[in-house]
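Input: a single structure, listed below in structure tokens.
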Amino acid sequence: MAGRKPFVGGNWKMNLNTAEAAAVASAIVSGFKAAGKVDVVICPPFPYLAHVGSFVKNSGVKLGAQDFYFADNGAYTGEVSLAMLKDVGASVVLTGHSERRHVIGESDVLINAKTRAALNAGLEVILCVGEKLEQRELGQTDAINAAQVCYGLAGVKAEQMSKVTIAYEPVWAIGTGKTATDADAQAAHAAIRKVLGGLYGSSIADATRIQYGGSVKGSNAAGLFGQPDIDGGLIGGASLKADEFLAIVNAAAAK
Ligand code: PEP
């Protein structure tokens with residue numbers, strides 16, 4: 001797989017409280033034995049970032065944020081800046097998550113502004129893309145993914161791509177218990193890699209990690225991660241349970 005190190009992210013979304021966040025983070029840190037073989041990030045809700053950061057510090061598990069605003073500072077009530085995230089130890093951010101696209105209503109323009117701002121601030125970005133069920137049924141999966149990748153990466157320079165991971169997350173599979181088949185996920189990943197090749201050339205396309213997301217569990221992770229273009233996963237529900245998340249991390253490490 002062109003030397004790509006698998007990458008597994010845990011997106012806790014709007015879940016857990018202080019004690020639960022600490023318990024899950026410390027169990028993940030103490031059970032994480034595969035640092036050389038897989039990169040791992042956990043993305044807690046904002047109020048718990050610094051606290052979770054104190055557990056993951058120097059553990060090999062990275063701290064990530066689920067969201068941020070692209071401006072440096074100022075009158076943006078309710079928003080959180082990239083400098084604030086860096087200040088509490090976050091080194092990875094998500095952009096384009098389907099819940100931000102389709103529940104909160106973020107546009108491709110905003111997602112692109114966030115992606116560029118995060119990279120310019122030196123953070124790693126996981127840019128999420130994926131089709132809705134009706135788009136899949138119309139045979140539009142690859143076209144939707146291509147458009148979201150191209151919009152999301154507009155203005156991103158080739159030398160910044162080493163800090164970009166794409167997460168392919170079919171919307172109909174997120175939090176539903178439905179997972180793309182290994183073959184369907186592989187086909188979508190291969191098509192996304194081709195789009196990256198068109199944008200940046202084959203060596204950057206080959207080097208860019210593409211995670212799969214959508215109801216990944218310990219029981220289905222190995223099949224998905226065994227596909228040549230699937231470089232780990234972005235995990236929602238299963239990342240709230242340390243044992244389940246570690247099983248997924250270990251499946252990625254075994255790739
Ligand atoms: C996600 O939110 O990125 C996700 C893939 O969620 P889940 O694993 O719960 O489907």
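Some observations on this one:
- Every pair of residues 6+ apart whose Cβ atoms lie under 9 Å, when the first sits in the stretch 233-247 and is more than 16 Å from residue 174 (Cα to Cα) and near the ligand (Cβ under 10 Å from one of its atoms) while the second is open to solvent by 10 Å² or more (accessible area, probe 1.4 Å) and at pLDDT below 95: none
- Screening 168, 200, 151, 212 for residues that are in contact with a Leu (Cβ under 8 Å, 6 or more places away or on another chain) and aromatic (Phe, Trp, Tyr) leaves exactly one candidate, 212.
Results for (1) open to solvent by less than 70 Å² (accessible area, probe 1.4 Å); (2) within 24 Å of residue 130 (Cα to Cα); (3) without any contact (Cβ under 8 Å) to a residue 24 or more places away in the chain, shown as yes or no for each residue.
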residue	(1), (2), (3)
29	yes, no, no
52	yes, no, no
60	yes, no, no
96	yes, yes, no
103	no, yes, yes
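- Some residue of the stretch 216-228 being in contact with a Phe, Trp or Tyr (Cβ under 6 Å, 6 or more places away or on another chain), within 16 Å of the ligand (Cβ to nearest atom) and basic (Lys, Arg): no
- Meets criteria (of a type in the set (Asp, Glu) and away from the ligand (no atom under 16 Å from the Cβ)) for residue 206: yes
- Pairs with Cβ under 7 Å, 6+ apart, first in the stretch 9-24 and more than 15 Å from the ligand (Cβ to nearest atom), second not charged (D, E, K, R): 18/48; 18/51; 21/44; 21/48; 21/51; 21/52; 22/51; 22/55
The values are calculated or read from the model by the stated rules, or taken from the named source; none is laboratory data. Quick caveat, the model's predicted, so the values are computed rather than measured. Please note: Cβ atoms are built from the backbone with ideal geometry, for glycine as well, and neighbour counts cover all protein chains shown. Accessible surface areas use protein heavy atoms only, side chains included; no ligands, DNA or RNA. Shrake-Rupley method; radii C 1.70, N 1.55, O 1.52, S 1.80 Å.
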